[in-house]
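Following: one structure in structure tokens, then a few remarks.
No lab work stands behind these numbers, since they all come straight from the coordinates. Quantities reported herein were computed from a predicted structural model and do not represent experimental measurements. Cβ sites come from the backbone with ideal geometry, for glycine too, and all protein chains shown count toward neighbours.
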Amino acid sequence: MVEMATPGPAAAAPLLRAQSLTRRFGGLTAVNAVSLALRQGELHAVIGTNGAGKSTLINMLSGELPATSGRIELAGADITGWSQPRRARAGVGRSYQRTTIFPKLSVFENIRLCAQAARQRPWALWQVAEHCGASRSVAERALVAAGLVDVPQLAAGLLSHGQQRQLEISMCLATQPRVLLLDEPLAGMGAEESELMLALLLDLKRSHALLLVEHDMDAVFRVADLITVMVNGEVIASDVPKVIRSHPDVRVAYLGEG
Amino acid sequence: MATEHTWIVPATAALALALLPAVLTPYTQDLVVKIEIYAIFALSLELLVGMTGLVSLGHAAFLGIGAYVAVRASGEGGAASLLWLLPAAVLAAAAYAFFVGLLSLRTQGVYFIMVTLAFSQMAYFVFHDTAVGGGSDGIFLYAKPVLAWAGGTWVDLDDRRHLYYAVLAALAFTYALLALIRRSRFGHALAGIHGNEQRMRAAGFATYGYKLAAFVIAGALAGLAGFLLAVKDGAVNPELLSWHESGAVLLMIILGGIGSLRGAVIGAVTFTLLKEFYQSEALLGALAAHWQLTLGFTIIAFVAWLPKGLIGLAGTGAWRRGARSG
């Protein structure tokens, strides 16, 4: 076990804390005793080679996979046994490695529907979903923030890949999460789109606790406040970027230097 | 917004249907009643397949249960009261749908199809092979239900005209209910589950509960159709629950166009009329004995040339919510 690094400037209590999370698939231990803490105002990146257990870790934090052992806390409350929808309503949002949107629904409805999760009222059959003021206003703000204000009625599946990634983030934000778990948001993006996304992440960091899983090392070292390095399901280092860059174990195991 | 006037066409159709008995012969009036009942059945499946993305191949079980309860619960005495017989039939179908949904909704895709098929075959054999259902010949309804109140008989389903308007009212109710669901938050959540269930869960929707609710409502409406079918025919038999029937209702919504309420109704009309036509010895002679073959080829042709169903001929695309580009 590696000790947690001292937190960044906003040394608040952690919003999301994982303690000794382990996930086994039969005989394979995909994630082994991983602990980490996410704080508001902090961008925490998790890096590691393919198969290091990063996605499994995100899936456990978001509630898609139950942990074999360990504990997850959200703002001090034990949420280990909570389902994904319940965690989402409590403020844990996530994006996926593969774009996960509603391709046949309009851009606006994609965001509005996510905002509806906060006020579901499924029994109110006489009310029109599109007239739902609460979700509409959230969606209208999110459209502007995502730069999609010109194409609200376009089917989301017709957007460019970069716009779809942007939309997915907006859909996450529409649920008004406190914690954002982002699984490779830059995957498949061009240079210009990546820059926009990184600027967005830095902006989001101020009001959210961010976990970023990303393969683009340049980007990670530019925006992360803390970096956790995983190898074969275990954390081998967790510290500020400057320390990680010169960490001997990391250089050997991950940055490919002997 | 094109969606604001969508009630005009169905309302006009309902009005036309209400005036139709004036010009119908008894045979054609029976045919219209039969088509309307199948339209209710097709609409109930559209809630699952088109609105939620759950392809069930066991939907006839709920039709059959509604029908059998209508006959069994009326007994052999006088006419039963609609007031309790109709709710009993609908609730029995809903209860079985709750049970089947509880288990089958834990599976997905082709497994869901197989599990729903298995549960409907189970129900089929209960009615086919036990004393409950009277075997393969089925059972007769001795007296059709009535609605009597304050000394008068207000509705007597033995009366052809009363039955006609009762079925029309049930169809209008079903269509209106599904149209309401479609535009409500519930319906939009179902559309989201259809589009991407993973994202719905990540947003905070407990999707299992939504799907179960849709499954139970669909089962209840199929039970309503079954009740009406039993009353219309005055008899039930196990074939009502067979997978042929489940397949036929699936074909109806495919023919009409999945994803549209009107499509489901148009599909029920087309399928029933085609079947009547191909079964008619008066029109087709010896070929009528092979109606399954001719109907099959016709359906293949429809699917090949109209992949979006008959509703696709309308060509506006406005019925496909949210997919409009401007």
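Only helices at least 30 Å long along their axis, Cα-based, and averaging -0.5 or more on Kyte-Doolittle count here, so list those DSSP H runs from chain B.
Values: long enough: B:26-52 (38 Å, 1.06); B:82-104 (32 Å, 2.10); B:160-183 (35 Å, 0.80); B:207-233 (39 Å, 1.26).
What comes out of the filter, once short or polar helices are dropped, is B:26-52, B:82-104, B:160-183, B:207-233.
In Å³ and rounded to a whole number, note down the convex hull volume per residue for the Cα atoms of segment B:112-269. Write out the running numbers ahead of the final one.
Values: hull volume 24.5 nm³, N = 158.
Spread over its residues, the Cα hull of segment B:112-269 gives 155 Å³ apiece.
Taking the beta-carbon count within 10 Å as an exposure proxy, list B:Tyr208, A:Tyr96 from fewest neighbours to most. Intermediate values should be presented prior to the final figure.
Numbers: B:Tyr208 17, A:Tyr96 24.
With the fewest neighbours first, B:Tyr208, A:Tyr96 line up as B:Tyr208, A:Tyr96.
Convex hull over the Cα atoms of segment A:115-258, averaged projected area in nm²? Working shown, then result.
On the way: hull surface 44.2 nm².
In nm², the orientation-averaged hull projection of segment A:115-258 is 11.0.
Sum -39500 (n - 2.57) across every DSSP H segment of at least 4 residues in chain B, then divide by the residue count to get the 222 nm mean residue ellipticity, nearest 500. Write out the running numbers ahead of the final one.
Numbers: 12 runs with 219 residues, N = 326.
Rounded to the nearest 500, the figure is -23000 deg cm²/dmol.
If you average 1/r over every pair of different alpha-carbon atoms in segment B:2-314 and take one over that average, what Kirkwood value in Å do you get? Working shown, then result.
Working: mean 1/r = 0.0500 Å⁻¹.
About 20.0 Å for segment B:2-314.
Can you count the Lys pairs in the protein assembly as shown with C-alpha separation below 18 Å, eight or more apart or on different chains? Let's see the in-between values first.
On the way: A:Lys104/B:Lys308; B:Lys34/B:Lys144; B:Lys34/B:Lys232; B:Lys34/B:Lys275; B:Lys144/B:Lys232.
Taking the Cα cut-off of 18 Å, the pair count is 5.
Considering only C-alpha atoms, what is the centroid distance from segment B:237-258 to segment B:31-99, in Å?
Each part's Cα centre sits 13 Å from the other's.
How much length, in nm to one decimal, is gained on full extension between B:Leu177 and B:Phe125, taken as 0.36 nm per residue of separation minus their Cα-Cα distance?
On the way: separation 52, 0.36 × 52 = 18.72 nm, distance 3.21 nm.
Value of the extension gain: 15.5 nm.
Does anyone have the angle between helix A:133-146 and the longest principal axis of chain A? Alpha-carbon axes, 0 to 90°, nearest 10?
60
Under a 5 Å amide H to amide H cut-off, with H placed in plane at 1.01 Å, what residues pair with A:Arg94 once short-range neighbours are removed?
A:Leu181
Any chance you could give the angle, 0 to 90 degrees and rounded to 10, that helix A:191-205 forms with the longest Cα principal axis of chain A?
Value to nearest ten degrees: 90.
What does the convex hull of the Cα atoms come to per residue for chain A, in Å³?
On the way: hull volume 35.0 nm³, N = 258.
Considering the Cα atoms of chain A, their hull volume per residue is 136 Å³.
What is the Cα coordinate range of the protein assembly as shown on the first, second and third principal axes, sorted by size from largest, in whole angstrom?
90, 54, 51
Can you put A:Phe221, B:Phe205 in order of Cβ neighbours within 10 angstrom, beginning with the fewest?
On the way: A:Phe221 15, B:Phe205 26.
The order, fewest Cβ neighbours first, is A:Phe221, B:Phe205.
Listing A:Thr80, A:Thr228, B:Thr107 from the residue with the fewest other Cβ atoms within 10 Å to the one with the most, what is the order?
Working: A:Thr80 17, A:Thr228 26, B:Thr107 13.
With the sparsest Cβ surroundings first, the list reads B:Thr107, A:Thr80, A:Thr228.
Going 7 Å from the Cα of B:Ala95 along its beta-carbon direction, which residues of segment B:106-145 have the amide nitrogen within less than 17 Å of the resulting point?
Hits in segment B:106-145 for B:Ala95 at 17 Å: B:123-124, B:126-127, B:132-133.
Treating the angle as unsigned and between 0 and 90°, give the value, to the nearest 10°, between the Cα long axis of helix A:161-174 and the longest Cα principal axis of chain A.
The angle comes out at about 80 degrees.
Mind listing P(r) for segment A:102-176? All alpha-carbon pairs, 5 Å bins, whole percents.
3, 18, 30, 24, 15, 7, 2, 0
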